[in-house]
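Structure first, then comments.
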Amino acid sequence: MATARSEEMMQLMLALRQHRVTDPRVLAAFEQTPRELFVDQTFQGQAYADSALPISCGQTISQPSVVGIMTQALDVTPRCKVLEVGAGSGYQAAILARLARRVYAIERHRDLARRARERMEALDLSNVTIRTGDGTKGWPEQAPFDRIIVSAAAEDAPSTLLEQLRTGGIMVLPVGQSDEVQQLIRIEKTESGPSYRELTAVRFVPLLAGMPDDPDEGHGR
């Protein structure tokens, strides 16, 4: 079983490198994070494939190469305080936890947030705090952040989140219409204003304001 997982992890490392994810600290964070823990039972056999997979509440866990590109572009240091908007299963937060001083993650679906917290506890990642909330509002009581990563697509970078980014900080997020190809961008907040750089085409679920009103949210895919 361990040998099979090792072979799958080697394939994942190869996929990351093929997408120019070469930062040794980022690659090590992936190696230390068991992706099968974040994938629904139905898709356990595809846990290490470089593809997005469905999770509960109609959401997805992003393909590892996209997580790698976003994480590398974020340029997280051990002193960084990071905000993640759209925690989902918690996979991205777990990767960031191995790179940053502190990670604050917001998830609008209560069931997803609960499961993500359980996974952090199982992995003994005590520097991650996950809460249920409206990610478009950020986490003002913990601002400013050194890094912000948004795991859902907005039409443009939300001004509220930019305000919570420290000067000199970096934000990575997908932008574009939800039914079109989106662009992953990197924003550096400078003294003279934000500086933008396009990274790659992506497709994410839309960034939604407010909270879901679904009593059966825990019974999605």
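The table that follows gives values for the structure above.
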| item | result |
| --- | --- |
| Theoretical FRET efficiency, 1/(1+(r/R0)^6), r = Cβ-Cβ of GLN41 and GLU141, R0 45 Å, to 0.05 | 0.80 |
| The chain: antiparallel DSSP beta bridges as a percent of all, rounded to 5 | 45 percent |
| Square roots of 5 times each gyration tensor eigenvalue, C-alpha, region 2-210, largest first, Å | 25, 18, 17 |
| Most mobile of ALA100, ALA154, ALA209 in a GNM of the chain (Cα contacts under 10 Å) | ALA209 |
| Length gained when the stretch MET9-ARG114 is fully extended (0.36 nm per residue, less Cα-Cα span) | 35.1 nm |
| Rounded FRET efficiency, nearest 0.05, which uses the C-beta distance separating ARG25 from SER126 and R0 of 22 Å | 0.70 |
| Amide hydrogen neighbours beyond the local backbone of LEU165, cut-off 5 Å, H modeled | PHE145 |
| Point-to-point label distance, GLU198-GLU155, nm (Cα→Cβ direction, 7 Å offset) | 2.0 nm |
| Neighbour-count ranking [beta-carbon atoms within 10 angstrom, fewest first] of HIS19, HIS109 | HIS19, HIS109 |
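Where a number appears in this text, it was derived from the coordinates with a stated rule and is not lab data. Keep in mind the model is a prediction, meaning the values are calculated, not measured. Glycine gets a Cβ as well: all are built from the backbone with ideal geometry, and neighbour counts include every protein chain shown.
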